[in-house]
Amino acid sequence: MAHVGLGVDVTRELSSDSKKFFGVFAYLGAFLRAIKQNKSFKVHIKTDDWHVSTKVIHLAIGNGRFYGGGNIVDQRSTLLEGELNLFFIKPQPWWQLLLLGPSLRKGALDKTDRIVRKSSDKFSIQTSKPKQLEADGEFKTTTPAEFEVIPNAIEAIVGDMPTSTSGTV
């Protein structure tokens, strides 16, 4: 999972000690500290068949099911679908962000109009100013960034794969 914006701020607020002692609750504390910054930024997102330019406070993209201490990227996502799942959070007051917490945790992002979600095998992300991009909790690069699914890039032996919890995509 790669993050730009609020997710990066949360990661900065986390320490290995807090994760060790408080587990998933460490993320809640880091989120509450990071939410004070709540700065929006302009982003341009393109896929082969879709594009948008908008202000956001957080953008995340990934191909797995879980991120950030057990949050679900999207209730419908699996590693087998061959797509990346992107979502962004529109600017809003801090108290509205707190109310989004349960939806973010469960990956139920289609239940609110304050979050936009898109799936594709390729995304191009540009911001008006370079923004730090973190992946799996570590700084990786700055925007602009390109993301693409490369089918069969690695071979892995796994157990049962989770299936979608929704019948439609």
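In region 138-154, which residues have a backbone nitrogen under 18 Å from the label point lying 7 Å from residue 18's Cα in the Cα-to-Cβ direction?
Residues passing the 18 Å test: 138-139.
Among the lysines, which have Cα under 17 Å from the Cα of residue 39 when same-chain residues fewer than 8 positions away are ignored?
Answer for residue 39, where 17 Å is the Cα cut-off: 55, 90, 129, 131, listed by chain and number.
What FRET efficiency would be calculated for the residue pair residue 129, residue 92, taking the C-beta separation as r and a Förster radius of 25 Å, to the nearest 0.05? Walk me through the intermediate numbers first.
Working: r = 21 Å, r/R0 = 0.85.
Computed FRET efficiency for residue 129 and residue 92: 0.75.
No lab work stands behind these numbers, since they all come straight from the coordinates. Computed from a predicted structure; not experimentally measured. Positions of Cβ are backbone-derived with ideal geometry, glycine not excepted, and every protein chain shown enters the neighbour counts.
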